[in-house]
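One structure below.
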Amino acid sequence: MRKWEGNEEFGRKSAVTVFLSTLTPKFYFALTVTSSFISGLIFVFEWWHFRKYGTSFIEQVSVSHLRPLIGGAESSPPAPAAFSAGENESSRQNMPECKVWRNPLNLFRGAEYSRYMWVTGKEPLTYYDMNLSAQDHQTFFTCDTDALRPSDTVMQKAWRERNPQARIKAAYQALELNNDCATAYVLLAEEEATTIVDAEKYFKQALKAGEMIYKKSQNCHSQSPQHEAQLRRDTNVLVYVKRRLAMCARKLGRIREAVKMMRDLMKEFPLLSMLNIHENLLEALLELQAYADVQAVLAKYDDISLPKSAAICYTAALLKARAVSERFSPETASRRGLSTAEINAVEAIHRAVEFNPHVPKYLLEMKSLVLPPEHILKRGDSEAVAYAFFHLQHWKRIEGALNLLHCTWEGTFRMIPYPLEKGHLFYPYPSCTETADRELLPTFHEVSVYPQKELPFFIHFTAGLCSFSAMLALLTHQFPELMVIFAKAVLRVLWPVSAPSVLASS
């Protein structure tokens, strides 16, 4: 019996020996080339998946699908942050940096975003961003009493429409029912007007209608809760229209007029500071080079009790850099040390960079800009794009400011070696920013990630496997006989086929 089993094992190993002896150099060459090609494809896909989604596809599949199948304990990941423009105040205090905010300087869809798409063929806004805007419009421009007025009922449906042409058609239907429908003019100004001049005309009509409706609501707002809700809605419409008119004046070069309109709006509605109208004012004042007025605005809004933004932090840094940037030289500063004013400027830059570390690469033109989204995530890449898009010109206008930023901004990271665990002046950097920014920014934009992630293991592995198999293919092509001998020797080490040993055992 033992002899029969030994003969059977010897027969199997003899067959393996015969098979290996029949393999030619062409087979080994084809094997290594195929292996190199397949591992190269896997490497390219892994790299693309990591650049697009920030994770390794193989690791993601193994954790999500393979581990439960083999009985491994599946650790439940933490619940993702909710990226909603309507979070309540308590949620904002618990996680202040993961709320999506309306961009105070958002562009006009018809006059700016659509023109970009016509020229480039690229969609500048994501579906997620536009969906948030639709929710904003329904919150700001509708109320429970809309059913009492046919024109408002039509507009309530218009804000829910996904098709731009359907929204515009509904706005015209609302105007046919009521020529003083302010929200219909707002929609036409935002989406149908193809120039800022046309948008301003629509907004002026919206202002006339909005003021009339607002005065009526003021006279009867105390009669019932429904009337109070209508007053809030009419107030939102009026504030929105006045703000957009001020932005139209700014874009058309009437900057002093825009500044006056913004100041009047902030005085008339001081409780609406959450709309961040002061950021519009800061940008307009910087265009006027009214730096004393900019400092006065910062003194009011750059307060420890108020939410920060890139506009606040980087404008404060710009003003302090302005005092020293013209005469600043890194060689001179290294010899004599920094003066008090230079130290203040550097600390202000470090503070701004800690709040949003993505901004300097756009200001220094190390990364290309895209049109800013309609919503931004504070401390994220979307906020950095929005800030740099409007404020890069102001940094360029001050001589030496960008040079000072270039020389000092990277020093921030030495103070916060573990930014996700502990910050220096602010909360630890939120880990949710990358996910939200990928939803807010267009796909053709390379999202900036902080802190930089290390490449996953499988990218290194597939790159090494591709390189090793390619090298073997090259050696097999150049030295076929030697490589065949080497391959057979390796296979014999892995699977011994020595006939005498088998016979001896029998």
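Phi-derived couplings, Karplus 6.51 cos²θ - 1.76 cosθ + 1.60 at θ = phi - 60°, listed residue by residue for the range 292-298: 5, 5, 4, 4, 5, 5, 5 Hz, with x used for Gly and Pro.
Rounded, prolate or oblate: which fits the range 153-194 when a ≥ b ≥ c are the square roots of the eigenvalues of the alpha-carbon gyration tensor, with rounded for a/c under 1.5 and prolate only if a/b beats b/c? Cα axes put the range 153-194 in the oblate bin. The residues of the range 242-307 present an accessible area of 50 Å² per residue when probed at 1.4 Å with all protein chains retained.
Annotation: amide H of PHE108 within the under-5 Å range of TYR113, sequence separation 5 or more or interchain, hydrogens built in the peptide plane. Residues GLU191, GLU481, sorted by accessible area with the largest first, give GLU481, GLU191 [1.4 Å probe; ligands and nucleic acids excluded].
In terms of accessible area, using a 1.4 Å probe and ignoring ligands and nucleic acids, LEU425, LEU319 rank largest first as LEU425, LEU319. Loop-located chymotrypsin sites (Phe, Trp or Tyr not before Pro) across the range 389-458 with a Cβ neighbour count of 11 or fewer within 10 Å are PHE444, with loop assigned by DSSP. In percent, rounded to a whole number, the relative contact order of the range 97-170 is 16, using alpha-carbon pairs under 8 Å and six or more apart.
In this view, the solvent-accessible surface of HIS227, computed with a 1.4 Å probe and all protein chains in place, comes to about 60 Å². For LYS422, a cut-off of 30 angstrom between C-alpha atoms picks up these lysines, skipping any fewer than 8 places away in its own chain: LYS52, LYS99, LYS300, LYS308, LYS320, LYS361, LYS367, LYS378, LYS453. Rolled with a 1.4 Å probe across the full set of protein chains, the surface gives PHE108 an accessible area near 0 Å².
Accessible area of PHE37 (1.4 Å probe, protein heavy atoms only, ligands and nucleic acids ignored): about 130 Å².
Here's how it looks for HIS375: its modeled amide H is under 5 Å from those of ASN103, which are all 5 or more places away or on a different chain.
For the range 252-383, averaging the sequence separation of C-alpha pairs within contact (under 8 Å, six or more residues apart) and dividing by the residue count gives a relative contact order of 18 percent. What the Cα convex hull of the range 198-239 gives, in volume per residue, is 48 Å³.
Projecting the Cα positions of PRO225, LEU252, SER305 onto the charge dipole of the range 186-309 (unit charges on Cβ atoms of Lys, Arg, Asp and Glu, taken about the Cα centre) puts PRO225 furthest along the positive direction. Seen from a random direction on average, the alpha-carbon convex hull of the range 270-368 projects onto 7.7 square nanometres.
The values are calculated or read from the model by the stated rules, or taken from the named source; none is laboratory data. Bear in mind the structure is a predicted one, so any value in this text is a computation, not a measurement. Here Cβ is always computed from backbone atoms with ideal geometry, including for glycine, and neighbour counts include all displayed protein chains. We work out accessible area using only protein heavy atoms, side chains counted, and drop any ligands, DNA or RNA first. Shrake-Rupley method; radii C 1.70, N 1.55, O 1.52, S 1.80 Å.
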